[in-house]
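**Q** First, the structure itself, so that you have it in front of you.
The values are calculated or read from the model by the stated rules, or taken from the named source; none is laboratory data. Worth saying up front: this structure is predicted, and the values here are computed from it rather than measured. Note that each Cβ is placed from the backbone with ideal geometry, even for glycine, and that neighbours are counted across all protein chains shown. Protein only, heavy atoms only, side chains kept; ligands, DNA and RNA dropped before computing areas. Shrake-Rupley method; radii C 1.70, N 1.55, O 1.52, S 1.80 Å.
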Amino acid sequence: MQKIINRPDDFVDEVLEGILAAHPGELKSITNDKRVLVRPDAPLLGRVGIVTGGGSGHLPLFLGYVGKGLCSAVAVGNVFSSPSVEQILEATRFVDGKAGVLYIYGNYGGDVLNFDQAAEAAAEEEIAVRTVVVTDDLASAPFDRRETRRGVAGLVFAYKVAGAAAERGASLQEVTEIATHAVNRMASFGVGLSPAILPAAGKPTFTLKPGEMEIGIGIHGERGTRRTPLLDADSITTELFQGIADDLKLENGDSIAVLINGLGSTPLEELYLMFRRLSLLAADAGLKIERSYIGDYSTSLEMAGASITVLHLDDVLRPLLADEALSPFIRSKL
């Protein structure tokens, strides 16, 4: 294992210390363990608060999306591990502006359990909480069981539209409905080329033979749908995009937003190769790409590979996606 780290057990806490030191005034910690970060103007009285959270190792997910027009707070767990109930509850208490709090997070067992318990505790304190669980990874379950799918890079779109709605002053019910609407109109599909290495474990999360790749890999190294010899960029992109288009039942004339996401160690040039092919496929299918995002948005430490996320746009989502969003990791409109 070759990593730029100190003691593996200190990895997450030292990363958070570095982020807070690099971005004073843009994020602040509210707990002694520094595992709960909030936007500096929180709470906003009369505005819905948005709390997210999950395991470390996925930067800029999750804490990269705390800021204006995005989330209000994040609870940070250990690498690939859920934050605690108390951390989530502390975030909830802090950002409650008396208009309620929305939880947005990915569909993983530990996160679901801990966020649900935090919501119950918040209710006892008379804080109104709603939950939207993001389930965009089409490789993890068929369409008829899409509510059981994992949450991956589609979280970015959910944060964006919910955050924009909250920034506009929408009610808790309205923000919840908008986030749910986005989840129902998105899908993601990815490919893994090499594993991540957890700092504390010091060993790969999975193994691949030389010249092999895995279609449908999860962001923690969960098994995908199949392993195959390494394909070229056009073939990979075609398989991923066609799977998404079929899943979303996209038709000639539809408008979409596309996110091509690197998983940690994939060069940006390779992501643009994928977008080149995707843009041609979309044009051939009569699809209009209204917004495109290419880069690292939801990673898995140093895993090599990429994912594609497509959001099927409509008159509800389009203007919210266009609103300004700013965080230490997002310097322009998302």
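**Q** Taking the Cα-to-Cβ direction at Ala233 and at Asp144 and moving 7 Å from each Cα, how far apart do the two end points lie in nm?
**A** Distance between label points: 3.9 nm.
**Q** Once label points are set 7 Å from the Cα along Cα→Cβ at both Ala128 and Gln242, what is their separation, rounded to one decimal in nm?
**A** Between Ala128 and Gln242, the simple spin-label model gives 4.8 nm.
**Q** A further question on this structure: Can you compute the FRET efficiency between Glu251 and Glu120 using 1/(1 + (r/R0)^6), with r the Cβ-Cβ distance and R0 = 41 Å? Round to the nearest 0.05.
**A** Working: r = 42 Å, r/R0 = 1.02.
Efficiency computed from Cβ-Cβ geometry: 0.45.
**Q** Using the alpha-carbon centroid of each, what span in Å lies between region 112-147 and region 60-97?
**A** One Cα centre to the other: 14 Å.
**Q** At q = 0.17 Å⁻¹, what is the log10 ratio I(q)/I(0) for region 224-332, with the Debye formula run over Cα points and no solvent?
**A** Result of the Debye calculation: -0.88.
**Q** Shifting gears a bit: Solvent-accessible area per residue for the chain at a 1.4 Å probe radius, Å²?
**A** Value for the chain: 41 Å² per residue.
**Q** Something else: Please work out whether the chain counts as rounded, prolate or oblate from its C-alpha gyration tensor, where a ≥ b ≥ c are the square roots of the eigenvalues and a/c under 1.5 means rounded, while otherwise a/b larger than b/c means prolate and anything else oblate? Mind dumping the intermediate values first?
**A** Numbers: a/c = 1.76, a/b = 1.22, b/c = 1.44.
Oblate is the answer for the chain, as a/c is 1.5 or above yet b/c matches or exceeds a/b.
**Q** Another question about this same structure. Taking K and R as +1 and D and E as -1, what net charge do the other residues with C-beta under 10 Å from the C-beta of Ala306 add up to? Don't skip to the answer; put the middle values down first.
**A** Values: positive: none; negative: Glu270, Asp296.
Once positives and negatives cancel, what remains is -2.
**Q** For the chain, which whole percent of the accessible surface, found with a 1.4 angstrom probe, sits on carbon and sulfur atoms? Kindly include the intermediate steps, with their values, before the conclusion.
**A** On the way: 6900 of 13720 Å².
Carbon with sulfur: 50 percent of the solvent-accessible area.
**Q** So which lysines can Lys68 reach, going by Cα to Cα under 17 Å and dropping same-chain residues fewer than 8 places off?
**A** Those lysines meeting the cut-off are Lys28, Lys160, Lys333.
**Q** Return the long-range amide H neighbours of Val152 (sequence gap of 5 or more, or a different chain), with a cut-off of under 5 Å between placed amide H atoms.
**A** Asp136, Asp137
**Q** When Lys and Arg each count +1 and Asp and Glu each count -1, what net charge do the other residues less than 9 Å away from Gly154, Cβ to Cβ, add up to?
**A** On the way: positive: none; negative: Asp136, Asp137.
The answer is -2.
**Q** Still on this structure, please answer the following. Around Ile217, under 15 Å between beta carbons, what's the net of Lys plus Arg minus Asp minus Glu among the other residues? Don't skip to the answer; put the middle values down first.
**A** Working: positive: Arg149, Arg150, Lys209, Arg223, Arg226, Arg227; negative: Asp136, Asp137, Glu212, Glu214, Glu222, Glu239, Glu302.
Result for the local shell: -1.
**Q** Mean separation of Cα pairs under 8 Å and 6+ residues apart, divided by the residue count of the chain: what relative contact order is that in percent?
**A** On the way: 782 pairs, mean separation 59.3, N = 334.
The value is 18 percent.
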